1. What angle, in degrees between 0 and 90 and rounded to the nearest 10, separates the Cα long axis of helix 41-53 from the longest principal axis of the Cα atoms of the chain?
2. Scan around VAL65 for amide H atoms under 5 Å from its own, H built in the peptide plane at 1.01 Å from N, and keep only partners 5 or more places away or cross-chain.
3. Excluding ALA22 itself, calculate the net charge of residues whose Cβ lies under 13 Å from the Cβ of ALA22, where each Lys or Arg counts +1 and each Asp or Glu counts -1.
4. Residues with amide H under 5 Å of ILE33's amide H, sequence separation 5 or more or different chain, H placed in the peptide plane at 1.01 Å from N; which?
5. If Lys and Arg each add +1 and Asp and Glu each add -1, what is the summed charge of the other residues whose beta carbon sits under 10 Å from the beta carbon of GLU211?
6. Fully extended, how many nm does the chain gain between ALA73 and ILE240 (0.36 nm per residue separation, minus their Cα-Cα distance)?
7. Compute the longest continuous run of the chain that contains no exposed GluC sites (Glu not before Pro); treat a site as exposed when its DSSP state is not H, G, I, E or B and it has at most 13 other Cβ atoms within 10 Å.
8. Give me the net charge of GLN70's neighbourhood, meaning all other residues with Cβ under 10 Å from the Cβ of GLN70; Lys, Arg count +1, Asp, Glu -1.
Amino acid sequence: MANLLEGKSALITGCGSGIGRAAALAFGRAGAIVTCADVDQKGGDATVALIREAHGKAEFVRADVTDPNQVQALIAHVVTGHGRLDCAFNNAGIEGDVIELHDASERNFDRVMGVNVKGVWLCMKYEIRQMRKQGGGAIVNTASVAGLSGFPSLGIYVASKHAVVGLTKSAAVECAQVGIRVNAVCPGPVDTPMMERIASNEGQPGRKDFEAIVPMRRYAAPREIAETVVWLCSDQASYITGVSLPVDGGLVAT
Ligand SMILES: NC(=O)c1ccc[n+]([C@@H]2O[C@H](COP(=O)([O-])OP(=O)(O)OC[C@H]3O[C@@H](n4cnc5c(N)ncnc54)[C@H](O)[C@@H]3O)[C@@H](O)[C@H]2O)c1
């Protein structure tokens, strides 16, 4: 993947952990100048340090994707610093409570929808405005296999990820004639702190159960999602838009 994004200005949200961190590292290896955003300053700083150790270019900006002012300021910061925004990976997300729908709370609904749906929409809103101005760009959103199928005890998360798929399709169609491609990745279980939290709930499926439903019988490494995102953002994927691509060891094929 070396040089696939040489000199491109890239923004990644949720970069302080898991898939976002792996993506920030992959974008750095691919030659991009990476702006890493997260609410977690410590995690974000650690990601930037890892990129710099590998001789990549990166900086951290603390931003909450649910706050329109912070999102607008984040995109403005990227453009002021690097002149443009070529690639955006809207990846920040939360799983919320692992609980059946009839026991779930309104607070959990608002929190999950706030980060996973409003956050992705707000990021796209300001990214697309900038990309329209500069005449193109590539956006990838993190949906999930939970954006394509239902899963017990994760119904609100599932609804939020179906919404990400819908936002992705609509943005892709709106932007197809102005040089902006918009796609989503739909990971199956990935070895990250989020999946560790989901699989450690008492009385709920654990790691072995999740591995057992994946035809490849294993979790993805975060890097396997990251490399897919780099490729989707690159010119090698120049005719791909509006797609929600499973990266799931065959899970949605079952
Ligand atoms: N891990 C999996 O198995 C899996 C599978 C499918 C999809 N996903 C999705 O991948 C994305 C990343 O998940 P992960 O597994 O790396 O999780 P993670 O919990 O390891 O990392 C998520 C990151 O997002 C950040 N974040 C949370 N709320 C934020 C906000 N409001 N503003 C900015 N940053 C915020 C967190 O601080 C954290 O650094 C999420 O959208 C998740 O839903 C994960």
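Throughout, read-outs are computed from the coordinates displayed, never taken from laboratory work. What you are looking at is a predicted structure, and each value in this text was computed from that prediction instead of being measured. Cβ sites come from the backbone with ideal geometry, for glycine too, and all protein chains shown count toward neighbours.
1. Computed tilt is about 60 degrees.
2. none
3. Numbers: positive: ARG21, ARG29, ARG223; negative: ASP191, GLU224, GLU227.
Within the 13 Å Cβ shell, the charges total 0.
4. Here GLY7, LYS8, SER9, ALA10 satisfy the definition.
5. On the way: positive: ARG207, LYS208, ARG217, ARG218; negative: ASP209.
Computed value for this residue: +3.
6. Details: separation 167, 0.36 × 167 = 60.12 nm, distance 2.92 nm.
Full extension of this stretch gives 57.2 nm more.
7. Numbers: sites that count: GLU6, GLU100, GLU202.
Within the chain, the longest run free of exposed GluC sites (Glu not before Pro) spans 101-201.
8. Details: positive: ARG62; negative: ASP64, ASP67.
My count for the surroundings of GLN70 gives -1.
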